[in-house]
Structures are given as structure tokens and as C-alpha cells.
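J.: Structure incoming, see below.
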Amino acid sequence: MTKKTSLALMLTTTMLIAGLVAGCGNNASSEAVTQKVDSSATRSADGSAKSSSDQPAYPRVLEDEMGIEVTLPAAPAKIFAPNLEDTLVALGVAPVVQWSSGSRPKMYLQDQLKDVPSIAFAGGLPPGPEAVMSHEPDLILLHNANHIESGVYDKYKMIAPTYVFKQANADLESSVRVVGDLLGKSTEAEKALQTYKEHVEAAKKELAPHIQGKKAAIIRFNGRGMFFIKYDFFSGYVLTNELGFLPSQVVSGGDIHLSLESLPDLDTDYIFLINDAGTGDAFEKDLTESPVWKSMEAVKNGRTFKVEGDHWLSGGLIAHRKVIDDVKGLIAK
């Protein structure tokens, strides 16, 4: 029997068993990251913060953020959490397999995850259940509700208990605590959050003389064009909600697309440019060589910066801290 046939058989068997028990619920750098990453010894904890030695009773039944019942038959040890690897690493946990955009995982985490295999989300589509099952996860974490609408959740819940966030990156503090609770790492979660908050406060004080009353925008280039990074996610959230830049009215508007025609309306004092893995070279060249770009106040005042690294396009305590350090290095010289 081939491995692929075996996996298909396993998935079919799992789905039949799940159907029988459906009535019982779903069986379902940085001071902050210097702790050793542990790929096997994770535990679950109850709602309040507890040390990793506290063991809840199993099976444990809880609801995810979508109100779906999740049953953990035992303490989870092999985690698949695409786009939440940052949070796992911040808590000292390595996933059993890591998200990859094609052949490229989150590069800013590879010091910690270089030995962890990756699984491709080709074209942004999640891998099929057979590919996930081959890594034998005992807990799957899905970072937003789109996975339910797309049908991914219905497939993955047959493999392992699956917890779905509404939007993990929209409330990072909450999602870090939830993951800490699920893995028995509540103490580590509180420590990571406190260390991050202290880093933010120190950076705000250092940057205040340079950015007080100033607006900032982030422009992302990729193979499809030029786009703003909004202020409710990723590095956009860091600039406004953490460091204190004021939001641009243009970026805050409904359209994330940027064109040369709309560029004169961009009301901002600082501009950060991020080219997604070099895929947006042509669009970046069109922008930065255009007369309208060169006439902008931010450009003439030397307040435009090309930034590198996929942490600018990621969410998590580690990514956000790296963005903060980049901004300090560029502005508070």
C-alpha cells in the first residue's frame, strides 16, 4: 500500500469515527524569545493564568472564538498553527510543521524553526487534509474565521481537535493568552506580553521627539501592484497603536490600492516601503522614479525608508518587536 493510499484510508477512517462521536463535540533580537523552543512538552491550562506544571483534567471541553465546541482528549503536544508560529515560538513551543508561502516560510523565525518542516499554502490555499495528516498533529489552530467559510475547518477537524479564532492578529494580546491557555503556557504568555509591553514603552519614549504629531504610511509592493498596509494589522498596527504615529486619512480609507494618480492625496510625514520578496520590483521602480513621488514632502525631507524582512508583513510579538527595532534604527539616529 502506498503512503498516499494509506493516508487517504486514515482520513476516511477518521471521518467515520468523527461522525460517530459528533454528538460529543469537536475533538478538537528579543528578550521575549530567548527561551528554548520545546517541540514536544506542551500542556493545556484552564482559563486563568497557571504555571506549566498545572495539569487540567482530560478530556477537556471548551468553545473556540466561533462558539464551536472543541474537545481535547489529552494535553496537545504536536501543534499545526499556520500563521500563528510567531506566537508559538514566543511561548517556547515549536510547531510540528510550519506555514510556507510556496517554498518560503516566515524567514524571521528560522533561527528558531530551521529544523521544522514546512508545508506550502500554494497560491494562498491551505494544503489538503492528507498533507496535514502526514504530520500527525494533535491540535490545529486556525487564525481566522475565513477557514470556516472556505470549508478548510470541516476538513481539518477530522484530523485533530481544531480551534478557530475570529481574527487572531486583530487582538494579539488576547490570542497570545488563548494559545498559552490551550498549550499550558499561560505563565509564559503573561511573561512574553509583559516583556513586549516594556519594549514598546521604551521605544515610544525614545521615538516621541521624532514622531509626535506625525503621520506614517506603509506601502507594500508585490507582483499584483502597490498597496497600503492598514492600521489594524501587522506593521501598520505597530506604527499607530504601539508607537504613536498618527494615521493617514488616505490609508484609513476603504481602498488599499495605491496608484500614481492617487499618490498626491497621500497625507503622511513618513513612508515605509516594503517589497514582498522582490516580487514588486517593477511597481517599486515606477513609484520611486515618478516625478510626483519626488515632489512629495516626505521624500524631500528624507523621511522615506525602504525596509526589509517579512516581519513587516506578519503578526505576532516577535514580528512586532522587530518592526519597532527597525523604526528606531531608521528614525532615532
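The values are calculated or read from the model by the stated rules, or taken from the named source; none is laboratory data. Not measured: the values here are computed from a predicted model. Note that each Cβ is placed from the backbone with ideal geometry, even for glycine, and that neighbours are counted across all protein chains shown. Surface areas here come from the heavy atoms of the whole protein model, side chains and all, with no ligands, DNA or RNA. Shrake-Rupley method; radii C 1.70, N 1.55, O 1.52, S 1.80 Å.
J.: At 1.4 Å probe size, with every protein chain present, just tell me what the per residue accessible area of the range 205-333 comes to in Å². Before the final figure, lay out each step's value.
T.: Values: 5800 Å² over 129 residues.
Per-residue accessible area for the range 205-333 comes out at 45 Å².
J.: Note down the nm distance, to one decimal, between modelled labels 7 Å out along Cα→Cβ at A208 and at V299.
T.: Reported label-point gap for A208 and V299 is 3.4 nm.
J.: Right, something else. What distance in nm separates the two pseudo spin-label positions at N144 and A57, each 7 Å out from Cα along the beta-carbon direction?
T.: Here the modelled spin labels are 3.9 nm apart.
J.: List the pairs from K197/K285; K78/K204; K106/K306; K157/K204 whose alpha-carbon separation is above 31 Å, in the order I gave them. Numbers along the way, then the final one.
T.: On the way: K197/K285 37 Å; K78/K204 38 Å; K106/K306 19 Å; K157/K204 42 Å.
Flagged as over cut-off: K197/K285; K78/K204; K157/K204.
J.: Now for a separate question. What percent do you get for the relative contact order of the range 167-314 when only Cα pairs under 8 Å and 6+ apart count?
T.: Values: 205 pairs, mean separation 33.9, N = 148.
Once normalised by length, the contact order is 23 percent.
J.: Using alpha carbon centroids, what distance separates the range 147-205 and the range 72-122, in Å?
T.: Between the Cα centre of the range 147-205 and that of the range 72-122, the gap is 13 Å.
J.: Now a separate question. Where the accessible area of the range 276-325 is counted over protein heavy atoms with a 1.4 Å probe, how much of it, in %, is carbon and sulfur?
T.: Numbers: 1090 of 2260 Å².
Percent of accessible area from carbon and sulfur atoms in the range 276-325: 48.
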